[in-house]
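Below: one structure, written as structure tokens.
The values are calculated or read from the model by the stated rules, or taken from the named source; none is laboratory data. The shown structure was predicted, so the numbers you read here are calculated from the model rather than taken from an experiment. Please note: Cβ atoms are built from the backbone with ideal geometry, for glycine as well, and neighbour counts cover all protein chains shown.
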């Protein structure tokens with residue numbers, strides 16, 4: 001029986017092989033020799049690229065599934081997302097996997113790039129592989145942004161608005177770019193259709209083409225050998241040395257591919273677990289631009305930019321928005337041309353290690369700032385966050401009156417008391433120690449001089465209200481501390 | 001390396017002499033270019049179609065004398081459907097204007113402040129706080145005074161003013177495009193035309 005089956009399999013297999021000729025075309029590619037070191041334990045450094053590609057395929061599979069139900073029309077997209085979440089069997093799960101796998105793809109591409117950078121794998125003869133990789137990173141971020149827009153909710157709507165406002169600052173051509181980007185004079189149906197085409201056809205097409213080119217380069221120029229300190233790259237001798245090295249190498253189809261497969265499978269399991277436990281993202285608020293109280297935030301891959309835009313000085317802002325990202329991309333593209341020879345081991349390249357540490361820390365800090373966004377007024381704090389009772393426990397009637405004025409004039413949207421409230425202005429829990437009565441009145445009336453952080457309230461605070469509010473603010477002092485006084489002032493009243 | 005070079009056929013033409021083959025190449029090139037242009041021109045025209053004429057539309061908000069709609073010296077958010085939209089826009093076709101009735105001026109003419117909700121910094125929606133007479137933006141903390149002037153934060157200018165008029169006792173607001181720094185509602189950009197399509201600045205009948 002077994003024999004017959006084997007014979008049948010051989011005959012059928014042979015029939016196809018006689019026509020497809022895979023043994024002479026595909027097998028040599030799968031079995032191309034890689035350096036022995038890359039097939040050994042150090043090969044675990046090489047698994048991030050294939051994991052990125054695995055997640056790309058997972059995105060394509062789940063994306064096609066979602067496209068069967070999702071309606072890319074501004075008036076029904078939101079409902080179709082709710083339908084996916086609540087009525088379509090496993091709809092929420094597919095949306096969830098698509099979101100988490102997309103996030104995972106951004107993470108994996110960045111990790112892969114960091115590894116390649118630290119190991120100097122971009123040096124001769126793999127400069128073009130790196131350039132393709134940079135383009136793949138940009139396309140992956142493009143997928144993240146356009147995908148966020150397809151989740152047609154308030155964040156999506158205002159995310160496009162912010163993108164358009166940034167593009168609108170391009171000298172001369174700005175308004176034209178805005179119209180091309182949003183597909184007309186306003187954000188709406190044509191915008192969503194446009195981003196759907198970008199997310200589903202244009203960017204994935206480019207991604208697949210560039211992944212093909214990236215892999216082609218990996219195969220033709222070979223996988224880089226693990227870096228060894230003291231063995232610098234010299235373009236004149238590298239090819240011959242590499243040729244010798246792979247003679248002692250191992251076929252890719254073997255230990256290396258097993259590592260790739262195992263790591264990719266683990267990554268997929270983690271993604272699916274996150275998707276099952278945390279669930280899909282959104283849709284959030286309705287895509288109705290007249291709903292005030294919207295609090296738009298970009299998805300996490302762009303929080304660092306959100307933070308950067310808030311923290312950059314006004315004079316530099318347009319530069320930070322338009323030129324800075326371009327400069328970053330050009331720097332990345334230039335990496336293999338600035339150093340395409342020399343040491344590869346991170347232990348011999350302190351500058352490369354420093355770049356990764358400083359760059360990574362900067363991105364992490366900006367992302368954290370973007371997440372907490374202390375610069376944003378808390379629009380509901382004036383009515384939602386009451387004055388802490390401890391603060392007004394021993395207040396006089398006038399000070400109590402002032403506390404009410406302080407609350408009513410929306411001061412809490414920017415000023416916290418005992419840590420609760422907006423963080424845009426300073427916490428005022430002990431302002432009475434820092435500012436005198438006169439200084440407080442000046443600050444409230446005129447705001448920060450030169451159009452700084454605080455608006456001038458002069459016209460909208462009546463004298464009686466000002467009296468009460470300042471009395472309240474002067475009373476905000478830790479126990480036993482005297483009120484602030486100016487340098488020349490003596491203690492007598 | 002060791003492959004012997006194929007001997008030239010005896011009747012090979014000299015390079016200067018035009019042949020049927022080179023004529024064929026020229027014809028293929030010409031027909032190919034014509035085919036590329038035949039497809040390319042409409043495709044480029046289609047893509048550039050987003051940049052098109054914006055007809056001017058006026059949206060009636062309400063009777064100027066209606067004190068419930070326009071109380072004097074109070075700023076109210078008025079919501080309307082933007083005529084510059086498609087049928088399938090859904091809620092995204094809604095747009096808002098902060099309108100403040102300033103009462104009659106010296107000539108007995110009703111005066112209004114009409115502001116877009118779009119923050120001049122990066123386009124987020126501002127909220128009006130009557131208690132402190134400020135507009136605040138939730139994104140990066142832009143703040144504006146009641147007259148629309150920038151009060152604090154990152155906006156490089158005040159709120160975008162929306163053109164308005166009174167026609168037969170009704171306050172009308174001009175249908176807004178998405179305002180950006182170089183393409184405001186009062187002074188739309190000429191660049192949008194790109195010299196291809198003249199924007200229709202006349203009124204729609």
Original post:
What is the residue count in the stretch B:91-117 for residues that are farther than 18 Å from residue B:186 by Cβ, touching a strand residue (DSSP E or B) at 6+ places or on another chain (Cβ under 7 Å) and within 14 Å of chain A (Cβ to nearest Cβ)?
Top reply: 2
**OP:** Just name the residue that is modelled with the lowest pLDDT out of those in the stretch A:437-465 that are within 22 Å of residue A:487 (Cβ to Cβ) and either at the interface with another protein chain (Cβ under 9 Å from one of its Cβ atoms) or part of a loop (DSSP other than H, G, I, E, B) (or both).
**Re:** A:449
Original post:
Hey, does the stretch A:7-30 have a residue that's at negative phi and not in a helix (DSSP H, G or I)?
Top reply: no
Subject >> the stretch A:268-295 residues that are away from chain B (no Cβ under 14 Å), paired with ones that are part of a loop (DSSP other than H, G, I, E, B) and surrounded by 18 or more Cβ atoms within 10 Å (Cβ to Cβ) (beta carbon under 6 Å, 6 or more apart) >> reply: A:282/A:151; A:282/A:153
Original post:
Quick one: which of A:424, A:344 is touching a residue at least 40 places away in the same chain (Cβ under 8 Å), part of a loop (DSSP other than H, G, I, E, B), surrounded by 15 or more Cβ atoms within 10 Å (Cβ to Cβ) and in the same structural domain as residue A:225 (by TED's automatic domain parsing)?
Top reply: A:344
Subject >> Single condition residue A:107 does not satisfy, out of (1) within 30 Å of residue A:227 (Cα to Cα); (2) out of contact with any helix residue (DSSP H, G or I) (no Cβ under 8 Å at 6 or more places or on another chain); (3) not in a helix (DSSP H, G or I) >> reply: (3)
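Residue-wise test of (1) more than 9 Å from every other protein chain (Cβ to nearest Cβ); (2) modelled with pLDDT of 90 or more; (3) crowded, with 21+ Cβ neighbours inside 10 Å.
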| residue | (1), (2), (3) |
| --- | --- |
| B:164 | yes, yes, no |
| B:179 | no, yes, yes |
| B:187 | yes, no, no |
| B:197 | yes, no, no |
| B:200 | yes, no, no |
**OP:** State all residues of the stretch A:160-172 that are more than 7 Å from every other protein chain (Cβ to nearest Cβ), assigned to a helix (DSSP H, G or I) and out of contact with any helix residue (DSSP H, G or I) (no Cβ under 6 Å at 6 or more places or on another chain); if no residue qualifies, say none.
**Re:** A:163
**OP:** Being surrounded by 19 or more Cβ atoms within 10 Å (Cβ to Cβ), assigned to a helix (DSSP H, G or I) and without any contact (Cβ under 8 Å) to a residue 24 or more places away in the chain narrows it down to one of A:96, A:101, A:80, so name that one.
**Re:** A:80
**OP:** Find the residue count for the stretch B:136-150, including only residues that are assigned to a strand (DSSP E or B) and surrounded by fewer than 23 Cβ atoms within 10 Å (Cβ to Cβ).
**Re:** 2
Original post:
Has the stretch A:169-177 got at least one residue that is touching a residue at least 40 places away in the same chain (Cβ under 8 Å), in the same structural domain as residue A:56 (by TED's automatic domain parsing) and within 30 Å of residue B:120 (Cβ to Cβ)?
Top reply: yes
**OP:** Determine if the stretch B:124-131 includes at least one residue that is at pLDDT below 90, part of a loop (DSSP other than H, G, I, E, B), buried (at least 18 other Cβ atoms within 10 Å of the Cβ) and at the interface with chain A (Cβ under 7 Å from one of its Cβ atoms).
**Re:** no
Original post:
Taking the stretch B:151-162 on its own, how many of its residues are at the interface with chain A (Cβ under 8 Å from one of its Cβ atoms), under 24 Å from the mean Cα position of the chain (by Cα) and surrounded by 20 or more Cβ atoms within 10 Å (Cβ to Cβ)?
Top reply: 1
Subject >> Hey, residue A:175 part of a helix (DSSP H, G or I), touching a helix residue (DSSP H, G or I) at 6+ places or on another chain (Cβ under 8 Å) and at the interface with chain B (Cβ under 7 Å from one of its Cβ atoms) or not >> reply: yes
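Does the stretch A:278-285 contain at least one residue that is assigned to a helix (DSSP H, G or I) and either within 20 Å of the chain's Cα centre (by Cα) or within 20 Å of residue B:137 (Cα to Cα) (or both)?
Scanning the stretch A:278-285, I find at least one residue that is assigned to a helix (DSSP H, G or I) and either within 20 Å of the chain's Cα centre (by Cα) or within 20 Å of residue B:137 (Cα to Cα) (or both), so the answer is yes.
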